Amino acid sequence: MSARGGDQFVEWATAIPTARGSQLDFESFPYQRELYRVCGDLEIENVVIMKGAQLGVSELLTRFALYCPDKLGLKSLYVFPTATHMRDFGDTRIRPLIDQSTYLSERVDSPLNKNLIKIGLGFIQLRGSESRRDLIAIDADLVILDEYDDLVPENVPDAEKRIAASPVGLVRRVGVPRYADYGIAARYSESDMRQWMVRCDACLARWQPIEFWRNVAWSEEDGKLTDAQIVCYECRKHLDVSRGEWVPEHRGRDIVGFHLHRLVVPSRRSLLEVVRNAKRTAPYEVEAFWRTDLGQPYAAEDSGLDRTAVAAAVSSSTSWNDGQPLKMVHRYDGPNFVTMGVDVASTRALNVRISEHIDDIRDPGMTGRHRKRMLWAGNLASFDELPGLMHRYGVTVACIDHLPEYRLSMGFAQRFPGRVYVTSYSQNQKDPLYISSEDLTASVQRTPALDATVELVRCHRNLLAADITPEYVEHLVRPRRIVEKNEYGLHTVKWLEKGPTDFFHAEVFDLVATEVLKIRLDYFRQLQPQYTTLDELIGFERTRLDAPGMGDYDPGPPDEYDPGPPDEYDPGPRG
Ligand SMILES: [Zn+2]
């Protein structure tokens, strides 16, 4: 390690008590050691920390800002969003740190003003970002840009240029991300993107980053959350996050970047708080969870599913399954109705979702809590495999995409008349759902159908299997619901899809199959056709256009399992 390496700083920093008078504790918070080493390494010019709140980063930066003048005679410039921030920081962070340490107290001259602290042969200057004049008046060897996304953006480049004349020229940028592709998130994406990776000992050599929707497990009874813990995404055994390493995604890039979030803190109490925050639903609380707990940007302008909602759906299926992760099955011959949705990406790429309806499907929505669980979801390489699935799972009704292979889809429907419907989206039909039994077709209004699909996941009525693939999750979280004003000033809702969303649409077609099944059941019960609106069918209030979120969220555990008697259905003559 060179004399300029970070170990010297680590040694120096460890000897300084915290502002509360305790010692830095790398044993309890092992993710901090490399942060200290890298931030304190004079060979590394640029460090970015995209972070959540209260992770000890201010402690670190304050020490480094003091270390540079004290040991090396350098000039530190510490920039905050405003002068008020700056004064608070001086009073609550820097001053107590100096007061707690006999060593520092002796090294620091009593400040002439609060913005300038002389220490050793160098000094620290504190500045707010709103005054360009104050910023450009000074030079520095080290610039720390704190609360990066809240700095006055047009003055940031000026602040960063303060190191131009320095032989060392260090910049440390930290902040809680506000938007993707902006500020600290944009800087992090240019870096080597280090994540804290933890290995699972139970299934050996499986290194994994810690992500909320994959790695956090908890118990929930009568709304009370307990037993929050980090588990392996594969074998679901407990993972010790203190035994991790920072691993770069882009090894060799000049800028070193860390994504630091609260899931790497090895504290059950802290984790339980994160889980509690994950359950909150007010828009500002959801945003706070993403930003301050997960250290990730959160875009409130659009909505749709997020990983937390998907994780919650998986977690409810575990509760329903007596605490065991619900796994996919390869056949089903139970008594319940089964539906299937098939999205067709091409002749050789079919995306399928198959569901068992574990509650009475005719249970009216307002009081009923009809749920379905995933039997299987995956890809097929050919239309020829579809009939086999119909038999193996005893599929009652299936809906298949009418595009881009209409002829093949119709051929499949003709083999199973009354059970398979070639389904299309419509933007302008009057009824939310229209079925033609003669033509073997169904068409559905696109926006309400996509809304309803998301809502089913959110209110835990679509129990997802624990072994869905990361690709599946990507497809579910990708569609974004946008509310726009049109040229007449009216709000319109649009679903945008950037990138593959095939499994999301398999989910939509599975939902349509459920609605078709209900109508068929009514038909056979009353022996007369009728039209129903999606609202009545789905049984929950559809989100209003002006609502930024997606309607009411019900965090409650699923009701008692009561499948009811599914015995009156006659699927009609088979072809
Ligand atoms: Zn494991």
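Readers should treat all values here as calculations from the given coordinates under stated rules, not as data from a laboratory. Everything quoted here is computed from the prediction, not taken from an experiment. In this analysis, Cβ positions are derived from the backbone assuming ideal geometry, glycine residues included, and neighbour counts consider all displayed protein chains.
Quick look at the numbers
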{"item": "Value of Rg to Rh for the range 168-269 (Rh from inverse mean 1/r over Cα pairs, i.e. Kirkwood)", "result": "1.05"}
{"item": "Stretchable slack from E438 to E27, in nm (0.36 nm times residue separation minus alpha-carbon distance)", "result": "140.9 nm"}
{"item": "The range 1-90, dipole about Cα centre (Lys/Arg Cβ +1, Asp/Glu Cβ -1), debye to the nearest 20", "result": "260"}
{"item": "Global geometry of the range 67-141, whether rounded, prolate or oblate, following the gyration tensor of its Cα atoms and the 1.5 cut on a/c", "result": "oblate"}
{"item": "Global form of the range 145-193, assessed from the alpha-carbon gyration tensor, a/c cut-off 1.5", "result": "oblate"}
{"item": "Protection-proxy order for peptides 346-355, 321-330, each taking the mean of Cβ atoms within 10 Å per residue, highest first", "result": "346-355, 321-330"}
{"item": "Charged-residue dipole, Cβ positions (Lys, Arg, Asp, Glu), the range 89-142 about Cα centre, Debye nearest 20", "result": "120"}
{"item": "The chain: relative contact order as a whole-number percent, Cα under 8 Å and 6+ apart", "result": "12"}
{"item": "Charge-dipole axis of the chain as Lys and Arg at +1 and Asp and Glu at -1 on Cβ define it, positive-most pick from A165, P432, V264", "result": "A165"}
{"item": "Cα centroid separation - the range 379-409 against the range 266-292, whole Å", "result": "41"}
{"item": "Ordering of 472-480, 140-148 by packing [mean C-beta count within 10 Å, highest first]", "result": "140-148, 472-480"}
{"item": "Which of F412, V508, G304, positive extreme of dipole for the chain (C-beta unit charges)", "result": "G304"}
{"item": "For the range 46-83 and the range 500-521, distance of Cα centres in Å", "result": "53"}
{"item": "Net charge, S105 excluded, C-beta distance under 14 Å - Lys, Arg +1, Asp, Glu -1", "result": "-1"}
{"item": "Charge dipole magnitude, Cβ of K and R +1, D and E -1 - the chain, Cα centre, debye nearest 20", "result": "980"}
{"item": "Principal axis box of the range 319-383, alpha-carbon based, largest edge first, Å", "result": "41, 28, 20"}
{"item": "Prolate/oblate/rounded label for the range 388-473 (Cα gyration tensor, a/c 1.5)", "result": "oblate"}
{"item": "Nearby lysines by direct alpha-carbon distance to K372 (threshold 19 angstrom, same-chain neighbours under 8 apart not counted)", "result": "K327, K518"}
